[in-house]
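Report on the following structure.
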Amino acid sequence: MKINFKKTYKFAIKSALYISLFTTGFVLLLMNIFYKNQLKYQVGFGIIFIISVYIFSFLVLQYRVERFIYRRVKKIYDEVSLLQSTTLINQPITTDMETLSREVKKFATDKKLEIEMLEIREQYRREFLGNVSHELKTPLFTVQGYVSTLLDGAMDDKTIRKKYLKRAEKGVERLIYIVEDLDMITKLESGDLDLNITEFNIVELLQNVFDLLEMKADKKKIKLAFESKNLQSLLVKGDKDRIQQVLENLIVNSIKYGREGGLTEVGVVNLTKKKVLIRISDNGEGVEKQNIPRLFERFYRVDKSGTRSEGGSGLGLAIVKHIIEAHKEKVYVESEFGIGSEFSFTLEKAQKPQKPEVK
């Protein structure tokens, strides 16, 4: 690859000027000492001498600097050019060391950040593949175990056959649940999942979710309640089915990790004239501070024991984040270990139709 060579004359100009001034001054000083009475000749000689020295110094310095820098810097650029993706090689070589140092420093900083990002992504990829493998392996081995048992002779017993087939069916349902959730996240990330934006009553939707999850909450004696008993209807804009999925995931999480006999409260706050904030808070076990930034990652679980006693695909919060971001809204989390957690997200209010003016 041919590399352009960009010349700069600043160094040679300054250096030649310093040399010329010094040598001319020195020569004039000597002439003043030895030829005191010949001022007229001294001035003419000084002018000719300084111009000559300046031109000679400039040419020599510029040539030497170019040769010196070019030979060494070209080697650096040749080595850098091995990285075909770099933008540094597309720029002309400069003999200005300050500019060159700045360019190389920027290049090194960019590459360092790029390497760090690649390392983070590689770590995330390894964790993700490990988590997917673990999530799929558990129900697959469960189904395989029951089917193998039936094939080994248990099929002849009608009672065992029915029981094992039902358990195998649950394992298959869990696999389908995980694959469907992964498919939804993929579509949300790629923008292939179209949102059906309508206006709906968020308070009514919350009440429907409460009714759906009431039995699940009763099993842990957790009370589902609104923060305000006088909560009125409030119209918002969004995909009703997806927002219901968000609410279900967040409330199920609060029940799953809540204390037995605890409380899950939902609040609807008028944030601004155009925005509303939906809050889901609980007094459960909470999350340690270092785990909060990773809560919305796929398959990330605070509990590292590997137990799946609470069920779920491990994708609930990741789906929540992607659905809310698809609405171009924000999702927030606050949690204190041992005290509880609060998840919240914003939605756009439905604009009330303007009343016609009475004339």
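The values are calculated or read from the model by the stated rules, or taken from the named source; none is laboratory data. Values in this document were obtained by computation on a predicted structure and should not be read as measured data. Virtual Cβ from ideal backbone geometry, glycine too; neighbours counted across all protein chains shown. Accessible surface areas use protein heavy atoms only, side chains included; no ligands, DNA or RNA. Shrake-Rupley method; radii C 1.70, N 1.55, O 1.52, S 1.80 Å.
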Query - First in segment 205-222 and closer than 20 Å to D241 by Cβ, second anywhere and β-branched (V, I, T) and open to solvent by 20 Å² or more (accessible area, probe 1.4 Å), Cβ under 9 Å, 6 or more apart - result: L206/V268; L213/V252; K216/V252
Query raised in the report: When segment 221-271 is examined, which residues are found to be open to solvent by 40 Å² or more (accessible area, probe 1.4 Å), assigned to a loop (DSSP other than H, G, I, E, B) and either within 18 Å of F343 (Cα to Cα) or at pLDDT 90 or above (or both)?
Result: K221, E227, S228, Y257, R259, L271
Query raised in the report: When you look at A217, is it assigned to a helix (DSSP H, G or I), modelled with pLDDT of 80 or more, hydrophobic (A, V, I, L, M, F, W, C) and open to solvent by less than 90 Å² (accessible area, probe 1.4 Å), yes or no?
Result: yes
Report summary line: Only unsatisfied item for L277, checking (1) in contact with a Leu (Cβ under 7 Å, 6 or more places away or on another chain); (2) modelled with pLDDT under 90, is (2)
Report task. Show the residue pairs that are 6+ apart or on different chains and have beta-carbon atoms under 7 Å apart, the first residue being within segment 36-65 and assigned to a helix (DSSP H, G or I) and open to solvent by 100 Å² or more (accessible area, probe 1.4 Å), the second being aliphatic (A, V, I, L, M) and modelled with pLDDT under 75. Result -> none
